[in-house]
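See below for the structure under consideration.
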Amino acid sequence: MSRIVYVNGDYVPEEDAKISVFDRGFLMADGVYEVTSVLDSKLIDFAGHAARLERSLSELDMAAPVTTDALREIFRELVARNNLVEGMIYLQVTRGAPNDRDFAFPDPDEVPSTIVAFSQSKPGLADNPVAKIGQKVISIEDIRWGRRDIKTVQLLYPSMGKMMAKAAGADDAWMVEDGHVTEGTSNNAYIVKGGKIITRQLSTDILHGITRAAILRFARESQMVVEERSFSIEEAQNADEAFFTSASAFVMPVVEIDGVQLADGKPGPVAARLREIYLDESRKTAE
Ligand code: PMP
């Protein structure tokens, strides 16, 4: 059975899911996206992702194509129609398809935004064995644009970063600017030192991770100490633990940075505990 995809109001088999070659998402990367994970056929932190989508759209003067309630229904319908138990819903909204290529934004009254959503089945997402081994990261220079707080589909450099990591025999890359780690190619970065959880403060330099917000809330509720500040690769290499968070990886331990093993080279207890708390708590509020 073919996957059912949502395209501009219709649910269609993936082979019939099509958009115009003039779509500004395709021509200009003029679009934003969200990835919401699904566990037990329920949406994890839908409210957080919907709120960030609204913010991304408004920062780019792009009209919201549907209400938050309608979006929840679309996501639920995709889960149901695709019998999705564990995986993700990918959502993309672009500034639509004018009838020609032009740098100027089209009039939103004439050109509606394009909305596409599809499911990705990932059985074993929560029980990922990699979380018990940890990942290796390399550092690369952060050469992205200055509005990383907007979740745009300009993912070429993060994609190149993953390839650089792969070529170096690692799993992912952490990006560095002015001597400090900004974030991972598709995740927020953390270190743990002396029991303190350290992660970069929010600004336009990083994406405001929905998982980051939840993790910091759960950590504080569990009386853990959180310090929101930037850190260098050297400090990370000397930390007791490191990890990253994202909607699809949840909490993933990091055991090696630029070839330097962290502590005993095994995932640390803080990352393991936070992963457990995150999965438990977010399952409780899943919708
Ligand atoms: N930073 C970047 C650059 C990302 O692409 C992502 C994942 N989309 C994150 C952080 C983590 O955000 P979230 O927890 O909302 O998935």
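The values are calculated or read from the model by the stated rules, or taken from the named source; none is laboratory data. Quick caveat: nothing in here was measured; it's all calculated off a predicted structure. So basically every Cβ, Gly included, is an ideal-geometry build from the backbone, and we count neighbours across all protein chains shown. Surface accessibility is based on the protein's heavy atoms, side chains included, excluding ligands, DNA and RNA. Shrake-Rupley method; radii C 1.70, N 1.55, O 1.52, S 1.80 Å.
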Item to complete: Please verify whether segment 216-227 includes one or more residues that are in contact (Cβ under 8 Å) with a residue 12 or more places away in the chain and touching a Ser or Thr at 6+ places or on another chain (Cβ under 7 Å).
Response: no
Worksheet entry | So I140, is it in contact with an Asp or Glu (Cβ under 9 Å, 6 or more places away or on another chain), among the aliphatic types (A, V, I, L, M) and either touching a residue at least 24 places away in the same chain (Cβ under 8 Å) or part of a strand (DSSP E or B) (or both) | no
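Rundown of residues vs (1) within 22 Å of Y11 (Cα to Cα); (2) in contact (Cβ under 8 Å) with a residue 12 or more places away in the chain; (3) not in a strand (DSSP E or B), yes/no style:
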{"position": "V32", "(1), (2), (3)": "yes, yes, no"}
{"position": "V38", "(1), (2), (3)": "yes, yes, no"}
{"position": "S56", "(1), (2), (3)": "no, yes, yes"}
{"position": "A63", "(1), (2), (3)": "yes, yes, yes"}
{"position": "A70", "(1), (2), (3)": "yes, no, yes"}
{"position": "E77", "(1), (2), (3)": "yes, yes, yes"}
Discussion item. Checking D178 against (1) open to solvent by less than 10 Å² (accessible area, probe 1.4 Å); (2) on the phi > 0 side of the Ramachandran plot; (3) away from the ligand (no atom under 16 Å from the Cβ): exactly one of these is not met. Which one?
Written reply: (1)
Worksheet item: Quick check, is P112 open to solvent by less than 70 Å² (accessible area, probe 1.4 Å) and assigned by TED's automatic domain parsing to the domain that holds A51?
Response: no
Worksheet item: Among the numbered criteria (1) farther than 30 Å from G9 by Cα; (2) open to solvent by 80 Å² or more (accessible area, probe 1.4 Å), which single criterion is violated by I138?
Response: (2)
Discussion item. Just to be sure before I move on: is V225 farther than 30 Å from K122 by Cα and among the aliphatic types (A, V, I, L, M) in the structure I sent?
Written reply: yes
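Would you tally the residues in segment 65-90 being of a type outside the set (S, T, N, Q) and under 20 Å from the mean Cα position of the chain (by Cα)?
Step one: filter segment 65-90 for residues of a type outside the set (S, T, N, Q), giving 65-66, 69-81, 84-90.
Still in the running and under 20 Å from the mean Cα position of the chain (by Cα): 71-72, 74-76, 78-79, 84-90.
Result for segment 65-90: 14.
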